[in-house]
Amino acid sequence: MRAEDNPYTPNAGAKPPALVGRDEELEDFEVLLARLLRGHTEQSMLVTGLRGVGKTVLLTRFEELARERGWTTVEAEITKNSDFGDRMANLARRALLQLAPRDRWKERAARAAAVLRSFQVTLRPDGSVTAGFDVDPAEGLADSGHLDEDLTDVFVALGEAAQEQGSGVVFLIDEVQFLDAPEFEALIAAIHKTVQRQLPITLVGAGLPQLPRLAGEAKSYAERLFKFPVIGRLADDQARAALAEPAQRFGVDFKADALSAVVEFTEGYPYFLQEYGNTLWNQVEESPVTAADVSLARSAVEAKLDGGFFRVRVERTSELEQRYLRAMAELGPEPQAAKDVAALLGRTSQQVAPIRARLIEKGLLYTPGRGLAAFTVPQFDRFMRRTYAL
């Protein structure tokens, strides 16, 4: 069991050696592409889930499938305070150039370039257009100064260019929850118009569990425009396969009770499975891996998770915010009522409301229901209880 052969991938967004438990989402994506190319309409997808369940991995696999089928793909990760308009203009430009080199543009592609030029000039009234096309702007399109209207013009023009080429465009966007309300509204409106025109263009995004609520708040028809597949922990048999199959390719086996012990500790969360598998591979000297090996490795796994996966999130919080998180952890991993957390801290709900709001803004909590908050990171309650005093 050489370290250089270690098949496990406990990295952010890294494709696991065995992608299991996501067959339904992959099948839905293939149906989406097939229907759009046939001129039918189909709901776009916004994948939701906690941290470490494989949302980014799934987006990467979607991109591979789309490219295999001849689609143009462009991807982006949303960050706070990023210039959304510029980002979308650059994505659209990349998509247009992938659809066809400039010397092979047909009528619709040339028109899309002009619309995109209008969008870029409107974004930068001072004339400092970056990465633009040397074409005249299209008058009356993508030049209103209203993001929702202008982005819609860009998407429609791009969809028509793709249709002209007998292809399609997939926008793959990660961390969608960081879009502010006007940006999310503009993106939804743009996709809505391409559906009405039956154009081969779609959005597949990923984000934290509050995404369906945010989409509904942005546009009331979002629930009809998107599917919201929820991905989470793997079933026990899937978790065992995710752990055992990569090792078997190198002639290494796990005892049944060893697999059960890892699955019990990780609760089937994909990232934790990769972390535990990685640690076992580096510590165990020979096959098969036993329950005793799993027990000996547990403290090292916890130390790695605490020092990286969990701690990087806590380090972005203030002392008051840490106290709030610790109080939530004391109450358990389930969604907790704001009044119960406040009571444990000896304060009123009104006094701690700003703390809770900041933790939601930082992506550490989400609101699954009115007056409730839950951790966006699985097993975060365990980490807080073993690391911080109440």
As a check on your grasp of the helix formula, calculate [θ] at 222 nm for the chain: sum -39500 (n - 2.57) over DSSP H runs of n ≥ 4, divide by the residue count, round to the nearest 500.
-> -16500 deg cm²/dmol
Using the structure shown, select from 55/193; 15/304; 193/219 the pairs with a Cα to Cα distance greater than 22 angstrom.
-> 55/193
Between residue 149 and residue 40, 0.36 nm times their residue separation minus their Cα-Cα distance comes to what?
-> 36.9 nm
Within the accessible area of region 1-103, what % is carbon and sulfur when the probe is 1.4 Å and the other protein chains stay in place?
-> 42
Cα centroid distance between region 46-104 and region 187-211, in Å?
-> 12
Rounded to the nearest 5, the percent of antiparallel DSSP beta bridges in the chain equals 15
Rolling a 1.4 angstrom probe over the protein heavy atoms, how many square angstrom per residue are accessible across the chain?
-> 45
Projected label distance in nm at residue 285 and residue 249, using a 7 Å step from Cα toward the beta-carbon | 2.8
Residue span residue 390 to residue 24: 0.36 nm per residue of separation minus Cα-Cα distance leaves a gain in nm of 127.6 nm
Ordering 221, 269, 324 by how much accessible area each has at a 1.4 Å probe, largest first, what is the list?
-> 221, 269, 324
With N residues in region 179-269, Rg(alpha-carbon) / (2.2 N^0.38 Å) equals 1.65
Give the ranking of 93, 323 by solvent-accessible surface, highest area first, calculated with a 1.4 Å probe.
-> 323, 93
What number comes out for the charge environment of residue 179, summing +1 per Lys or Arg and -1 per Asp or Glu over other residues with Cβ under 11 Å away?
-> -2
Taking 7 Å along the Cα-to-C-beta vector as the label spot, tell me the residue 300-residue 318 distance in nanometres, rounded to one decimal.
-> 4.0
By a straight-distance test (C-alpha under 18 Å), which aspartates and glutamates pair with residue 227 as possible cross-link partners, with residues fewer than eight away in the same chain excluded?
-> 23, 24, 25, 27, 28, 30, 42, 63, 174, 175, 185, 217
Around residue 67, with a cut-off of 14 angstrom between Cβ atoms, what is the net charge of the other residues, counting Lys and Arg +1 and Asp and Glu -1?
-> -2
Quantify, in whole percent, the carbon and sulfur part of the accessible surface of region 237-280 (1.4 Å probe; protein heavy atoms only).
-> 44
Reachable aspartates and glutamates from residue 106, Cα under 17 Å, same-chain residues fewer than 8 places away excluded?
-> 134, 136, 160, 164
Name the residues whose placed amide hydrogens come within less than 5 Å of the amide hydrogen of residue 365, ignoring near sequence neighbours (fewer than 5 apart) on the same chain.
-> 360, 376
Roughly how many Å² of residue 352 are accessible to a 1.4 Å probe, to the nearest 10?
-> 0
Cα-based Rg/(2.2 N^0.38 Å) for region 327-390, rounded to two decimals, is 1.02
Which value in Å does the Kirkwood hydrodynamic radius of region 135-237 take, with 1/r averaged over all unlike C-alpha pairs and then inverted?
-> 14.9
Nearest-ten-degree value, helix 291-304 long axis tilted from longest Cα axis of the chain | 60
Counting only protein chains, not ligands or nucleic acids, how are 281, 105 ordered by accessible area (probe 1.4 Å), most first?
-> 105, 281
Apportionment of accessible area to carbon and sulfur, region 179-230, percent (1.4 Å) = 48
Förster radius 41 Å - calculated FRET efficiency between residue 311 and residue 370, Cβ distance, rounded to 0.05 | 0.85
Taking all pairs of different Cα atoms in the chain, averaging 1/r and flipping that mean, what Kirkwood radius in angstroms comes out?
-> 23.0
Just read off the accessible area of residue 87 with the full protein assembly in place, 1.4 Å probe, to the nearest 10 Å².
-> 70
Extension gain from residue 339 to residue 260, taking 0.36 nm per residue of separation minus the Cα-Cα distance | 24.7 nm
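The values are calculated or read from the model by the stated rules, or taken from the named source; none is laboratory data. None of these values were measured; they are calculated from a predicted model. When we count neighbours, we look across all protein chains shown, and the Cβ atoms used for this are built from the backbone with ideal geometry, even at glycine. We work out accessible area using only protein heavy atoms, side chains counted, and drop any ligands, DNA or RNA first. Shrake-Rupley method; radii C 1.70, N 1.55, O 1.52, S 1.80 Å.
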